[in-house]
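No value in this document is a laboratory result; all are computed from the given coordinates. What you are looking at is a predicted structure, and each value in this text was computed from that prediction instead of being measured. Virtual Cβ from ideal backbone geometry, glycine too; neighbours counted across all protein chains shown.
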Amino acid sequence: VLTPAAVRRPEPQGDALLIPEGRPAGPVVAAWLKQLALIRLRAACDGFSARLGRPYRAIVLRDTRSRWGSCTQDGRLMFSWRLAMAPPLVLDYVAAHEVAHLAHMDHSARFWAQTEALMPGHAPHRAWLRAQGGDLMLWRFRD
């Protein structure tokens, strides 16, 4: 529940997200979600990258409609910032998936084995994204 309050920046409080009074809710919440996504994705990618032994070059956030993430040949990892609205383990799965591409730039059996090695038991999180991910795209952040 978005709740205007005397705060400088959004603050989760129970089931509410306190947002600064007098500011447009949509852009404020979108900016907060982008920051949250970057913090969580950076932590997840740092951990998976260290385990893999391959560094990534950068993390870029976008508002993509067709992909949750991608990895370029030069090691740039791109993610939808809307992953911040997904359960944390789903965000972690997408991070593991993209980091696995640092070793295998395809979706071969070796790639999926690498993803499983980075995040054992990832299948339910992948399934959640397939079943529920579309709902994250329905949110609009305009006032």
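Work through the residues other than Pro120 whose Cβ is under 15 Å from its Cβ and net out their charges, Lys, Arg +1 and Asp, Glu -1. Every neighbour counted, the sum reads 0. Run the quick spin-label model on Val60 and Asp46: label points 7 Å from Cα toward the beta carbon, then report their separation in nm to one decimal. According to this spin-label approximation, the distance is 2.2 nm.
For segment 25-138, the calculated P(r), taken from all Cα-Cα distances in 5 Å bins from zero up to the bin holding the longest distance, is 2, 13, 24, 26, 20, 10, 3, 1, 0 percent. Looking at segment 25-138 alone, DSSP beta bridges between its own residues are antiparallel in about 40 percent of cases.
Nearest 10 degrees, 0 to 90: what angle lies between the long axis of helix 123-137 and the longest principal axis of the chain (Cα atoms)? Relative to the chain, helix 123-137 is tipped by roughly 40 degrees. Output the 0 to 90 degree angle, nearest 10, between the alpha-carbon long axis of helix 25-52 and the longest principal axis computed from the alpha carbons of the chain. Relative to the chain, helix 25-52 is tipped by roughly 20 degrees.
Dipole size of the chain about its Cα centre, with +1 on Lys/Arg Cβ and -1 on Asp/Glu Cβ: approximately 320 debye, rounded to the nearest 20.
For segment 76-121, the pair-distance distribution built from all alpha carbon pairs, in bins 5 Å wide starting at 0, is 5, 24, 29, 20, 16, 5 percent. Considering only Val1, Ala109, Tyr56, and ranking their Cα positions along the charge dipole of the chain that arises from unit charges at the beta-carbon of Lys, Arg, Asp and Glu, the one farthest toward the positive end is Tyr56. Estimated from helices alone, the mean residue ellipticity of the chain at 222 nm is -15500 deg cm²/dmol (sum of -39500 (n - 2.57) over DSSP H runs with n ≥ 4, per residue). Calculate how steeply helix 109-118 sits against the longest principal axis of the alpha-carbon atoms of the chain, using the helix alpha-carbon long axis, and give the answer as 0 to 90 degrees to the nearest 10. On a 0 to 90 degree scale, this one is about 50.
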